[in-house]
Amino acid sequence: MLMLAAAMVTGCTTTIALDPAPAANDPRCANVSVRLPDTIEGLKRQWTDAQATASWGNKAAILRCGVEAPSQTTLQCLTIKGVDWTVDATNSPQLRLTTSGRTPAAEAIVDTRILSADKVAAALASTLQQLPATTTGCATPTPTPSPADGQKSQ
């Protein structure tokens, strides 16, 4: 009877398998982890098996703290509630939003068939403001000089 009760309890909760980010052990990520919301757009946060990670709604939204900060990029950039994000739509409908100008950086991967990426970013903004800002605004690419910029063609 006791084993059946234990099986029923463990059967109700699912631990989500995720990979930690390279700098997941940064103490600032621990500070973020303890402040994450219990729900995003009605989806409950679930336990994960990796440090400085979170999942809501069976991976509808995932957060990993300690990722490499984006450098100069041509990706879309947006600011939501004081946090700058680069948006990578390479794996659409999964969008990868990475904080820009914060160290360590954090990324949110959002299944846009289930959740709005903007709403996830807004729900995480106050927590991610705990990560120190190193710059304001998104990283922008350095322009490549063209022949018209002072070099004459021959």
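The values are calculated or read from the model by the stated rules, or taken from the named source; none is laboratory data. A quick note: this is a predicted structure, and the numbers were derived from the prediction, not measured. Neighbour counts run over all protein chains shown; Cβ positions are idealised from the backbone, glycine included. The protein model used for the area step is the full one, side chains on, heavy atoms only, and it has no ligands, DNA or RNA in it. Shrake-Rupley method; radii C 1.70, N 1.55, O 1.52, S 1.80 Å.
Couple of notes before you dig in:
- Within the stretch 84-127, being small (Gly, Ala, Ser), touching a Pro at 6+ places or on another chain (Cβ under 6 Å) and in contact (Cβ under 8 Å) with a residue 40 or more places away in the chain holds for one residue alone: 123.
- Selection of the stretch 14-30 for residues being more than 15 Å from the chain's Cα centre (by Cα), open to solvent by less than 70 Å² (accessible area, probe 1.4 Å) and farther than 19 Å from residue 94 by Cα yields only 26.
- Taking the criterion of being touching a residue at least 60 places away in the same chain (Cβ under 8 Å) and not in a strand (DSSP E or B), the residues of the stretch 70-83 that qualify are 70, 71, 72, 73, 74.
- Hits in the stretch 39-58 - residues which are among the hydroxyl-bearing types (Ser, Thr, Tyr), open to solvent by 10 Å² or more (accessible area, probe 1.4 Å) and either touching an Asp or Glu at 6+ places or on another chain (Cβ under 6 Å) or closer than 12 Å to residue 120 by Cα (or both): 39
- Residue in the stretch 36-51 that is closer than 15 Å to residue 130 by Cα and of a type outside the set (A, V, I, L, M) present: yes
- Here residue 122 meets the list (1) among the hydrophobic types (A, V, I, L, M, F, W, C); (2) surrounded by fewer than 16 Cβ atoms within 10 Å (Cβ to Cβ); (3) in contact with a Phe, Trp or Tyr (Cβ under 7 Å, 6 or more places away or on another chain) almost entirely, failing just condition (3).
- Given (1) farther than 17 Å from residue 40 by Cα; (2) crowded, with 17+ Cβ neighbours inside 10 Å, number of the condition residue 115 does not satisfy: (1)
- Counting only residues that are modelled with pLDDT of 95 or more and either open to solvent by 50 Å² or more (accessible area, probe 1.4 Å) or over 21 Å from residue 52 (Cβ atoms) (or both), the stretch 91-109 holds 5 of them.
- Of residues in the stretch 59-88 being hydroxyl-bearing (Ser, Thr, Tyr) and out of contact with any strand residue (DSSP E or B) (no Cβ under 9 Å at 6 or more places or on another chain), the one least open to solvent (accessible area, probe 1.4 Å): 71
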